[in-house]
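Report on the following structure.
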Amino acid sequence: MKKIILNLAVTLDGFIEGPNGEVDWCIMDDDMDFGSFISSIDTIFYGRVSYDAWGNFQPDTTTSPAEKEMWQGIHSKKKFVFSRQNRQDGKATFISSDIVNQVAEIKRQGGKDIWLYGGASLIKTFIQSGLIDVYKVSVHPIVLGTGKPLFEDIKERIGLKLTETNVFKSGVVQLTYEPVN
């Protein structure tokens, strides 16, 4: 069965974006091998706001070939958008109700794993519903002071087991956890 992987960048003080939605602090080192992660998935879960901002993003002509290749890989995946709006755009399937059962059905379809891209509201829903199989959190060496926190309105303790640690040349530390039942 497919696994849902939350793979995202977070600041040392726990924010996934700055107070105005900025992510300019995110570092993409070549030693992170993000391409391998993209190759390991065939599906991406977006919230509507994140999808509207990034789901069909096209880099400009000055973007490096490596980043263009990354975006091509991302855009080659099957996309699901979780939204209160019931709309279609031909590039993604929109889900507006019964999230837990819809996600269970998608996981049963087989194939590669699923990237829970976000945003913050969707991540919170998935955490609270116990739908995340792997937490892959890349801690960046910056403190923002304010912004959108990764863990917000958590009602119950979530036990996690560390399964992997990677340290990159930039100082980014990637921690991989699985929930403990």
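The values are calculated or read from the model by the stated rules, or taken from the named source; none is laboratory data. These numbers come from a predicted model, not from an experiment. Because the Cβ atoms are built from the backbone with ideal geometry, glycine has one as well, and the counts that use them run over all protein chains shown.
Restricting attention to the stretch 14-48, the residues that are under 16 Å from Val137 (Cβ atoms) and either hydroxyl-bearing (Ser, Thr, Tyr) or touching a helix residue (DSSP H, G or I) at 6+ places or on another chain (Cβ under 9 Å) (or both) total 4. Out of Leu122, Leu162, I need the residue that is surrounded by 18 or more Cβ atoms within 10 Å (Cβ to Cβ), touching a residue at least 12 places away in the same chain (Cβ under 8 Å) and not in a loop (DSSP other than H, G, I, E, B). Which one? Every option except Leu122 fails the conditions. I need the full set of residues from the stretch 125-142 which are in a helix (DSSP H, G or I) and polar (S, T, N, Q), in order please. Thr125, Gln128, listed by residue number.
Return yes when Thr146 is in contact with a Gly (Cβ under 9 Å, 6 or more places away or on another chain) and either of a type in the set (Gly, Ala, Ser) or assigned to a loop (DSSP other than H, G, I, E, B) (or both) and no when it is not.
Numbers: in contact with a Gly (Cβ under 9 Å, 6 or more places away or on another chain): yes; either of a type in the set (Gly, Ala, Ser) or assigned to a loop (DSSP other than H, G, I, E, B) (or both): yes.
So Thr146 passes the test.
Within the stretch 165-181, if we keep just the residues that are surrounded by fewer than 12 Cβ atoms within 10 Å (Cβ to Cβ) and among the polar types (S, T, N, Q), the residue that is modelled with the highest pLDDT turns out to be Thr165. Taking the listed residues Ser36, Ser50, the one that is at pLDDT below 95 and either outside any helix (DSSP H, G or I) or within 23 Å of Leu122 (Cα to Cα) (or both) is Ser50, with no other qualifying. Per this entry, Lys77 is not counted among residues that are in contact with a Lys or Arg (Cβ under 6 Å, 6 or more places away or on another chain) and surrounded by 12 or more Cβ atoms within 10 Å (Cβ to Cβ).
Look at the stretch 132-181 and say how many of its residues are among the aliphatic types (A, V, I, L, M) and touching a helix residue (DSSP H, G or I) at 6+ places or on another chain (Cβ under 9 Å). It would help to see each step written out before you state the result.
From the stretch 132-181, those among the aliphatic types (A, V, I, L, M) are 132, 134, 137, 139, 142-144, 150, 154, 158, 160, 162, 167, 172-173, 175, 180; that's our starting set.
Still in the list and also touching a helix residue (DSSP H, G or I) at 6+ places or on another chain (Cβ under 9 Å): 132, 150, 154, 158, 172.
Of the residues in that region, 5 qualify.
For the stretch 34-54, filtering for residues that are without any contact (Cβ under 8 Å) to a residue 60 or more places away in the chain, under 13 Å from Gly119 (Cβ atoms) and surrounded by fewer than 20 Cβ atoms within 10 Å (Cβ to Cβ) leaves 2. Scanning the stretch 57-74 for residues that are assigned to a helix (DSSP H, G or I), surrounded by fewer than 16 Cβ atoms within 10 Å (Cβ to Cβ) and in contact with a helix residue (DSSP H, G or I) (Cβ under 8 Å, 6 or more places away or on another chain) yields Ala66, Glu69, Gly73.
In the stretch 71-93, the qualifying residues are those that are out of contact with any Phe, Trp or Tyr (no Cβ under 6 Å at 6 or more places or on another chain), free of Cβ contacts under 8 Å to residues at least 40 places away in the same chain and among the hydrophobic types (A, V, I, L, M, F, W, C), and the one that is nearest to Ser121 (Cα to Cα) is Ile74. Scanning the stretch 86-108 for residues that are assigned to a loop (DSSP other than H, G, I, E, B) and either at pLDDT below 90 or farther than 19 Å from Ile38 by Cβ (or both) turns up Asn86, Arg87, Gln88, Asp89, Gly90, Lys91, Ser96, Ser97, Asp98.
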